[in-house]
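What follows is one structure encoded as structure tokens, with my remarks underneath.
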């Protein structure tokens, strides 16, 4: 697999984080693991990028966090807000349009199958 | 899952991160607590994969990155948090300073109309600009940034500098006016002058901190 440069994620990280948090609340490191595992290892986002991005999304009201103590550890768990769910749906539509346009340019129009 | 274990390498690593973090103390403490939890998870992950604890710790630290780089990644968020906290502080404490000057300049404010009340405050235009700056900052760095252009850390830090400068100018104006007047010294005059002087000292500290954070942002190439 060709490694992806972190810059490629710019502009898409918010949507990816929202998507990772959609099924259930998760703490920061679990989010990093989910991004890596969910993309088959292609999206190894630097740790230093994920935590501040989560904080920014919380500031924007798209996610919220709760502190809890689990097994003697203080842990911050993030979950989607209704506004975050709406933003994720919007981002999915935008991505479909964007990826279709980029695919059309990079790969070219669908060619008829050769017989 | 293990409870937080006393791992000196992790403690030293987080101490290095802490040295490079600048911003509101509570926010920094939360960042460090969250990083500690993440590092503990990473160590658990690597020990479960078969690494001995010392190597698991080293691998977790490598995974998180150099302390300076991790701290730099938080610089923008901390700068915005500082800007919001400082502007909120000025808006919250403004009336605590202003009320003494109002009572001094217009001893019976409840007996006059709103216009006469406003006319008694010589720095109304500065207050209006400060409130407008604060509102704009909250809107473009908070929940409304989903619809408005988001303010980056540099623009956000311009807000506390502006508000502190406006407060400094406002305090200087009322102090000069008071010095030239025959208004009573005790008790209202003394209280009003003291609150303004305290705010002026806070203003100088605020401006210095905001410029230090701007330099930090520039150094982090954000």
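Read the figures in this text as sums done on the coordinates, not as results from a lab. Quick caveat, the model's predicted, so the values are computed rather than measured. Using ideal geometry, Cβ is built from the backbone for each residue, glycine included, and neighbour counts are taken over all protein chains shown.
Taking Cα atoms only, the orientation of helix B:8-19 departs from the longest principal axis of chain B by about 30 degrees. Just to be sure I understand the curve: with the Debye formula and one point per C-alpha of region A:43-115, what is log10 I(q)/I(0) at q = 0.14, 0.16, 0.28 Å⁻¹? Per q value, in the given order, log10 I(q)/I(0) is -0.68, -0.79, -1.17. Using label points projected 7 Å from each Cα along Cα→Cβ, tell me how many nm separate residue B:197 and residue B:16, to one decimal. Rounded to a tenth, the inter-label distance reads 4.7 nm. Seen against the Cα atoms of chain A and their longest principal axis, helix A:28-38 is set at about 20 degrees. Using only the alpha carbons of chain B, what is the convex hull's orientation-averaged projected area in square nanometres? Computed as one quarter of the Cα hull surface, the answer is 16.6 nm². Rounding to the nearest 10 and keeping the result within 0 to 90°, find how far the Cα-based axis of helix B:124-141 lies from the longest principal axis of chain B. Approximately 20 degrees, to the nearest ten.
Would you mind checking region B:63-90 for residues with the amide N under 12 Å from a putative spin-label position 7 Å along Cα→C-beta of residue B:25? Flagged as within label range: none. Using just its DSSP H runs of length 4 or more, each adding -39500 (n - 2.57), chain A gives a mean residue ellipticity at 222 nm of -16500 deg cm²/dmol after division by all residues. Compute the projected area of the convex hull of the Cα atoms of region B:24-125, averaged over all viewing directions, and report it in nm² to one decimal place. Result: a mean projected hull area of 9.8 nm².
When only Cα pairs below 8 angstrom with a gap of at least 6 residues are kept, region B:119-207 shows a relative contact order of 33 percent.
Could you grab the relative contact order for region B:28-155? Cα pairs under 8 Å, six or more apart, rounded to a whole percent.
20 percent
Counting, for every residue in B:28-40, the Cβ atoms of other protein chains within 10 Å of its Cβ and taking the mean gives 5.
Per-residue packing, averaged as other Cβ atoms within 10 Å, sorts the ranges B:152-165, A:31-44, B:59-72, A:93-106 into the order B:152-165, B:59-72, A:31-44, A:93-106, beginning with the highest.
The Rg/Rh ratio of the protein assembly as shown, with Rg taken over Cα atoms and Rh as the Kirkwood radius over Cα pairs, comes to 1.10.
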